[in-house]
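What follows is a set of notes on a single structure, which appears directly below.
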Amino acid sequence: MKILVTGGLGYIGSHAIVQLLISNHEITIIDNLSNSQKETHKKIKDITGKNSDFYKIDTTNYAKLDNLCEKHNFDAVIHFAGYKAVGESINEPLKYYFNNLLSTINIAKLAIKYDINTIIFSSSATVYGNGESPFTEKSPLLERTNPYGETKAMCERILIDTQKAYPNLSLFLLRYFNPIGAHKSGLLGEIPNGIPNNLVPYITQVAKGKREKLQIYGNDYNTPDGTGIRDYIHVVDLAKGHVSALESNRTGINIYNLGTGKGTSVLELVNAFEKVNNIKIPFEIVSRRPGDIAVSYADVSKAKRELGWEAKLTLEDMVEDAWNFEKNLKKEENKND
Ligand code: NAD
Ligand code: UFG
């Protein structure tokens, strides 16, 4: 298939493109490079040996997107582009509403205009709010605790309403749980901007000696060891979920949780990292981070049943690959040195 991938040089998009190229799809990438580097395009080629096209285009720019879609005959669009930093979204809500909503509206408009059959959208477990795990796709979407999460719920709504008005469109809303890890080659992974907000990038920077110690946000949750529980999924498994959705040929509105179905606490993750990589991670327990929930993990049976997809890689694979990526990161590639 001929696929437009927005935000394709980012963390998840780049891993998804590798899997799509391996499956012989024809890829056009657009990215504004606000949170990625152009060199990633070459790294994708180095890993797969296959070519893809890259254009530096902002998805909020309707005219440029229109021009691109007019020239290509895309069968599908996978829409990763967007801002994702929870804390920043609280301080700069309009930046998030503008980028994430306008980008999604533009993609939906162009899918209709150019008869692009399929839209796959990057949603998030955050849409379930502070609900009860395991989350199924039928779990209620409770109030989000930050504007970023709100944009994901709003984009889902926009795309669902669009599909209802244009029933020929196949829509996939993929709700990611906590993607971590990196490509085995060590070439692709997550390079956070500034001080990492997320657990695993923080841990790898402590391991590298760039940060003194990890702060664990609370050990007084109602969980077996008191620390927060999440459903960590290897980014390569997550990437493969997009290929399964695309190749399923399903029609209508399709919503899937992409996770492993297993919950891991912060302390369990730190222990796994230390054991697999043989590195001590100093930490201190500090107070809870506002907006965090105690437990979040997925019921993944729907994706297995309907897409034949399930996560295969283990927590050990995830922490090994995350460290392999950070270890090999050159100084000039680091945005926070
Ligand atoms: P990322 O920041 O690494 O990738 C997003 C990419 O989109 C970046 O390359 C960025 O430069 C680009 N981009 C942003 N705004 C753009 C615009 N207006 N025009 C063109 N390009 C633009 O993030 P990621 O972790 O790869 O996430 C991909 C998607 O998945 C995002 O929509 C994110 O909200 C969603 N998601 C991520 C997680 C996670 O934990 N990483 C969890 C759930 C959902
Ligand atoms: N944590 C720490 N110390 C840190 C960072 C995190 O203890 O320095 C803890 C958190 O309190 C939480 C767990 O580690 O219990 C995971 O936190 P992350 O920040 O890595 O991930 P979140 O579950 O908070 O959020 C992530 C993404 C969101 C997305 C959500 C669900 O950042 O964008 O997963 O997909 F919405």
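The values are calculated or read from the model by the stated rules, or taken from the named source; none is laboratory data. Keep in mind that what you see is a predicted model, and the values were worked out from it rather than measured. Please note: Cβ atoms are built from the backbone with ideal geometry, for glycine as well, and neighbour counts cover all protein chains shown. Calculation scope for accessible area: heavy atoms of the full protein, side chains included, ligands and nucleic acids excluded. Shrake-Rupley method; radii C 1.70, N 1.55, O 1.52, S 1.80 Å.
Quick rundown of the values:
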| read-out | value |
| --- | --- |
| Conditions (1) among the polar types (S, T, N, Q); (2) open to solvent by 30 Å² or more (accessible area, probe 1.4 Å); (3) at pLDDT 95 or above: number failed by ASN249 | (3) |
| Positions within the range 196-245 being closer than 30 Å to GLN163 by Cα and open to solvent by 10 Å² or more (accessible area, probe 1.4 Å), in sequence order | VAL236, LYS240, VAL243, SER244 |
| Matching entry among SER14, SER52, SER103 (being under 25 Å from ASN178 (Cβ atoms), modelled with pLDDT of 95 or more, touching a helix residue (DSSP H, G or I) at 6+ places or on another chain (Cβ under 8 Å) and surrounded by 17 or more Cβ atoms within 10 Å (Cβ to Cβ)) | SER14 |
| Flag if ASN61 is under 20 Å from TYR97 (Cα atoms) and within 16 Å of ligand 2 (Cβ to nearest atom) | no |
| Per-region count, the range 23-64, residues more than 19 Å from LYS2 (Cα to Cα) and hydroxyl-bearing (Ser, Thr, Tyr) | 5 |
| Candidates ILE3, ILE47, ILE29 - the one that is surrounded by fewer than 20 Cβ atoms within 10 Å (Cβ to Cβ) and among the aliphatic types (A, V, I, L, M) | ILE47 |
| The lone exception for PRO201 - which of (1) part of a loop (DSSP other than H, G, I, E, B); (2) within 15 Å of ligand 2 (Cβ to nearest atom) it fails | (1) |
| Among (1) more than 13 Å from ligand 2 (Cβ to nearest atom); (2) open to solvent by less than 20 Å² (accessible area, probe 1.4 Å); (3) more than 18 Å from PHE121 (Cβ to Cβ) - the single one SER185 does not satisfy | (2) |
| Unique match (being away from ligand 1 (no atom under 16 Å from the Cβ) and free of Cβ contacts under 8 Å to residues at least 12 places away in the same chain) among GLY209, GLY186, GLY218 | GLY209 |
| Within the range 204-323, helices (runs of 4 or more DSSP H) holding 2 or more residues that are small (Gly, Ala, Ser) | 235-247, 301-307 |
| Cβ pairs under 7 Å, 6+ apart, first in the range 99-128 and within 12 Å of LEU65 (Cα to Cα), second more than 8 Å from ligand 1 (Cβ to nearest atom) and acidic (Asp, Glu) | LEU110/ASP66 |
